[in-house]
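To start, the structure under review is shown below, and the notes come after it.
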Amino acid sequence: MINVEQVDFCYKRNQKALNQVSLTIAPGEFIALVGRNGSGKTTLSRVMMALLQPTAGRVLVDGESLKGKKPSDVAGTVGYVFQNPDLQILAETVAEEVAYGPAAKGVAPEEVKRRVHRALELTGLAELADAYPRTLSYGQKRRLAVAAALALKPRVLILDEITGGQDAIEKEAVLSVLKRLNEEQGVTIILITHDMSTVLRYAGRAIVMAQGSVAFDGAPQALFAGSHPLAEWGLSCPAVAAVAGALLPGEAAPADAAALCQVLIEKMRRNGSCN
Amino acid sequence: MQLTAFSKIVATMAVTLWAFLLPAPVLAGLLLLEVLMLFSAKPERSSALALASLLLFAGLMVGLQLLFSDDVVTAFLGGLRMMVMTTSFLCMFATTRIQDITQALVEKFRLPREYAFMLTAALRFIPDFLADSKATLDAQSCRGYSNSGNPIRRCLACLAVVKPLVLRAIVRSETLALSLELKGFGGQAHQTLVLQPLHVADYAFLLLLTLVTAGGAVLRFA
């Protein structure tokens with residue numbers, strides 16, 4: 001679906017933000033892109049959206065090079081949700097806000113209506129269709145940004161640190177929308193995040209960026225298994241993975257605390273120490 | 001020894017006056033000197049961009065004058081004067097901290113602190129506004145925004161960028177006002193100023209400015 005081939009990117013001469021990055025993203029994946037600030041996560045995601053053109057190498061989306069393309073050309077295939085939803089809100093109602101993208105792309109009005117309805121249903125904002133977008137909570141605004149991207153029917157959704165600064169309930173609401181999109185609609189999710197418990201719980205693949213290169217690419221459970229220099233990469237081990245590592249050495253860390261409890265109870269039952 | 005903000009503000013005002021007093025060849029030389037000064041103080045792409053924007057406006061001005069009058073020399077002289085005046089401001093901003101300008105306006109020019117701060121707050125706002133406009137343009141591009149087609153279509157499309165920007169600027173100014181109030185800005189109590197005394201270099205520079213201005217006035221009116 002997306003092929004990144006030996007991509008370099010420099011903001012300033014001789015200062016590489018991306019250094020020979022190569023990776024392949026298959027349809028239906030849920031990927032977490034992690035790493036310390038300035039490691040190249042956002043630059044990589046921007047290169048995949050044609051917001052930046054690589055200084056060397058190439059990016060292919062469905063086999064087609066992004067060279068010379070504008071983000072608006074890619075928007076039907078790849079959606080991008082920015083960290084700050086306030087930067088894009090322009091309409092008087094939530095429904096109009098979601099309709100902006102397909103309308104700008106020249107989609108027929110009836111189809112626009114259908115897409116808006118579907119996007120609002122998927123993101124749980126259907127009841128707020130007539131609300132003024134700026135009065136929404138921050139979490140709702142973020143879901144609105146997701147809905148606005150979904151209205152263009154992208155097959156890949158890139159989300160740049162959209163869970164930061166939210167309470168647990170709002171964060172959960174956004175992440176469950178993404179999970180549903182991934183599992184039910186087959187949308188490929190690329191989530192840039194600093195929250196390692198989210199990585200462990202939701203992602204099927206974790207890509208760690210360090211100094212502009214891919215330092216790790218694999219399952220989140222393998223990332224937190226204890227054999228990688230997490231501190232050097234600016235990452236922390238989620239509590240569940242740390243506890244699982246102590247109690248179940250050598251086994252893959254469960255996604256969350258509930259799953260860990262279940263594994264432990266099962267193990268104790270098998271050992272005959274729990275009825 | 002560095003010049004104080006006061007001397008630089010006076011120099012900017014003097015250059016504005018010189019633009020109307022000095023002959024065109026001297027102004028061209030002065031402009032060259034300003035450009036050299038700008039790039040030695042701030043050898044960055046932003047300096048070149050700022051200069052290019054000024055050149056564009058100067059070109060527009062010359063074009064308009066040529067359109068409505070036959071006097072080619074006056075049109076080009078007008079453009080040159082505008083470049084000399086505005087580039088002097090670029091030089092001042094490239095070499096002086098905004099806080100120092102605010103303080104010089106309050107301490108030496110006796111401008112009320114509120115007005116001086118308003119002036120400099122507006123200047124600080126520009127880089128933030130440019131960053132926001134870039135981010136908004138990126139965000140809307142990812143949603144299918146495209147500034148192509150006929151001019152009317154382009155103008156209407158621009159609203160998708162302008163509207164969020166204006167709303168964000170309002171929110172930002174409200175936040176700034178609130179944070180200033182929380183810090184006690186505008187209170188009637190005595191405010192401490194770290195004074196910026198003038199040095200020998202400042203006095204020499206101010207003397208030079210006075211001499212050049214007087215010379216220019218003699219040349220122009222004698």
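To make sure I understand, if each residue's beta carbon is the centre and we count other beta carbons within 10 Å, what order do A:GLU97, A:GLU183, A:GLU161 fall in, fewest to most? Can you show the working numbers first?
Values: A:GLU97 29, A:GLU183 11, A:GLU161 18.
Listing A:GLU97, A:GLU183, A:GLU161 from fewest to most nearby Cβ atoms yields A:GLU183, A:GLU161, A:GLU97.
When only Cα pairs under 8 Å and 6 or more residues apart are kept, what is the percent relative contact order across chain A?
Values: 500 pairs, mean separation 61.9, N = 275.
Relative contact order of chain A: 23 percent.
Counting only residues 5 or more places away or on other chains, whose amide H sits under 5 Å from the amide H of A:SER213 once H atoms are built in the peptide plane?
A:ASN19
From the backbone phi of region B:36-46, what are the Karplus-calculated ³J(HN,Hα) couplings (6.51 cos²θ - 1.76 cosθ + 1.60, θ = phi - 60°) in whole Hz, Gly and Pro given as x?
So the J values, rounded to whole Hz, are 4, 5, 4, 6, 6, 7, 9, x, 10, 5, 4.
Hey, which aspartates and glutamates would be in cross-link range of A:LYS69, C-alpha to C-alpha under 19 Å, not counting anything within fewer than 8 residues on its own chain?
Partners found: A:GLU5, A:ASP8, B:ASP138.
To the nearest 10 degrees, how steeply does helix A:168-184 sit against the main Cα axis of chain A, on a 0 to 90 scale?
80 degrees
Calculate how steeply helix A:109-123 sits against the longest principal axis of the alpha-carbon atoms of chain A, using the helix alpha-carbon long axis, and give the answer as 0 to 90 degrees to the nearest 10.
20 degrees
At q = 0.13, 0.14 Å⁻¹, what is the log10 ratio I(q)/I(0) for chain A, with the Debye formula run over Cα points and no solvent?
-0.89, -1.01
For region A:173-266, count the residues as N, evaluate 2.2 N^0.38 Å, and divide the Cα radius of gyration by that value, please. Don't jump to the answer; show the numbers that get you there.
Details: Rg = 13.8 Å, N = 94, 2.2 N^0.38 = 12.4 Å.
It is 1.12.
Mind checking Rg over Rh on region B:109-195, alpha carbons, Kirkwood formula for Rh?
Details: Rg = 18.5 Å, Rh = 15.8 Å.
Value, to two decimals: 1.17.
I'd like to know how region B:9-111 sits against the 2.2 N^0.38 Å rule of thumb: what's its Cα Rg over that expected value?
On the way: Rg = 15.1 Å, N = 103, 2.2 N^0.38 = 12.8 Å.
Cα-based Rg divided by the globular estimate yields 1.18.
Would you mind checking the tilt of helix A:257-271 against the longest principal axis of the Cα atoms of chain A, expressed as 0 to 90 degrees and rounded to 10?
Around 30 degrees separate the two axes.
So which aspartates and glutamates pass the test for B:LYS42, namely a Cα distance under 14 Å, with those fewer than 8 places away in the same chain ruled out?
Excluding near neighbours in sequence, the set is B:GLU34.
Give the long-range amide H neighbours of A:GLN53: residues separated by 5 or more places, or on another chain, with amide H under 5 Å away, using H modelled in the peptide plane at 1.01 Å from N.
none
What is the set of long-range amide H partners of A:ARG205 at a cut-off below 5 Å, with H atoms built 1.01 Å from backbone N?
HN-HN under 5 Å from A:ARG205: A:PHE30, A:ALA32.
Helix-only mean residue ellipticity at 222 nm, the protein assembly as shown, DSSP H runs n ≥ 4 weighted -39,500 (n - 2.57), per residue, nearest 500. What is it?
Mean residue ellipticity, 222 nm, calculated: -18500 deg cm²/dmol.
Among A:ALA239, A:ALA206, A:ALA151, which one moves the most in a GNM of chain A with springs linking Cα atoms closer than 10 Å?
A:ALA239
Ranking B:VAL218, A:VAL34, B:VAL15 by Cβ neighbours within 10 Å, fewest first, what do you get? Walk me through the intermediate numbers first.
Values: B:VAL218 10, A:VAL34 29, B:VAL15 25.
Ranking B:VAL218, A:VAL34, B:VAL15 by Cβ neighbours within 10 Å, fewest first, gives B:VAL218, B:VAL15, A:VAL34.
Rule-based calculations on the coordinates, nothing more; no lab input. Model, not experiment: these values are computed from the prediction. Please note: Cβ atoms are built from the backbone with ideal geometry, for glycine as well, and neighbour counts cover all protein chains shown.
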